[in-house]
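Structure, as structure tokens:
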Amino acid sequence: MSICVGVLALQGDFEKHEAMLERLGIAHRQVRKVADLEAVDALILPGGESTTIGRLMARYGLDCAIRQRAEAGMPLYGTCAGMILLAKEIVGSQQDQLGLMDITVLRNAFGSQIDSFEAPLPFKPFGEEPVTAVFIRAPIVQSVGEGVEVLSTFEDKIVAVQQGNLLATAFHPELTDDTRIHEYFVGLARKSK
Ligand code: GLN
């Protein structure tokens with residue numbers, strides 16, 4: 001079954017996600033306006049600046065349109081800023097967001113001293129084989145609601161979660177050579193079609 005994965009292309013590292021999908025041979029397209037959304041079966045929210053992406057989504061009416069599709073079962077995958085946008089609660093912030101996932105996130109949670117780093121991390125669906133997690137001014141998940149599955153932790157901090165059709169990582173698999181998390185997401189998209 002052929003599917004098309006959308007990549008929200010308002011700001012941030014959307015091209016890296018497109019390159020990942022290209023490597024996997026998955027049809028993909030940039031989503032910049034509501035009409036683009038109609039052609040996709042799933043959507044990736046890239047890393048970048050969550051306040052900017054949230055503001056632009058609201059300006060183009062994409063926030064409502066994405067919420068509707070997500071509630072109808074469309075899979076969404078948010079990396080870093082994308083995770084922040086998916087959260088129902090952002091500590092200390094009233095910024096524009098999608099507010100779909102029962103998680104509370106804390107932005108820039110590793111402090112200004114540690115801007116970016118990488119670490120091998122287990123990712124629950126993959127068992128023993130760790131992924132290389134690249135963190136860049138990353139958030140953490142402070143708390144999760146019922147129905148949210150924790151997929152990865154780093155030093156007891158929650159950094160990857162799934163709630164049904166919604167997947168989020170505080171780190172950036174699109175910046176590595178490891179395609180498995182994107183494949184995992186494509187699997188969710190196939191199942192939902
Ligand atoms: N710190 C950024 C934010 O709060 C996220 C950083 C990223 O996506 N790499 O939006």
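The values are calculated or read from the model by the stated rules, or taken from the named source; none is laboratory data. Here the structure is a predicted model, which is why all the values come from computation and not from measurement. When we count neighbours, we look across all protein chains shown, and the Cβ atoms used for this are built from the backbone with ideal geometry, even at glycine. In case anyone asks, the SASA skips ligands and DNA or RNA and just uses the protein heavy atoms, side chains included. Shrake-Rupley method; radii C 1.70, N 1.55, O 1.52, S 1.80 Å.
Within the assembled protein chains, the solvent-accessible surface assigned to Thr153 is about 60 Å², based on a 1.4 Å probe.
Within the same chain, lysines fewer than 8 places from Lys193 are excluded, and of the rest, those with a Cα less than 23 Å from its Cα are Lys33.
Whole number in Å², please: accessible area per residue of the range 29-118, 1.4 Å probe, ligands, DNA and RNA not counted.
Values: 3910 Å² over 90 residues.
On a per-residue basis, the range 29-118 sits at 43 Å².
Applying 1/(1 + (r/R0)^6) with R0 = 35 Å to the Cβ-Cβ distance of Ala39 and Ile114 gives a FRET efficiency near 0.30. Measure off, as a whole percent, the carbon and sulfur share of the 1.4 Å-probe accessible area of the range 5-164, all protein chains present. Of all accessible area on the range 5-164, carbon and sulfur atoms account for 46 percent. Between Lys157 and Gln94, residue separation times 0.36 nm minus the direct Cα-Cα distance comes to 20.4 nm.
Tell me, what is the percent relative contact order of the range 12-52, built from C-alpha pairs under 8 Å that lie six or more residues apart?
On the way: 21 pairs, mean separation 22.4, N = 41.
55 percent.
Lys16 contributes about 100 Å² of solvent-accessible surface, heavy atoms of the protein only, 1.4 Å probe.
The calculated 222 nm mean residue ellipticity attributable to helices in the chain amounts to -8000 deg cm²/dmol, summing -39500 (n - 2.57) over DSSP H runs of n ≥ 4 and dividing by all residues. If both residues of a DSSP beta bridge must be in the chain, then about 55% of such bridges are antiparallel.
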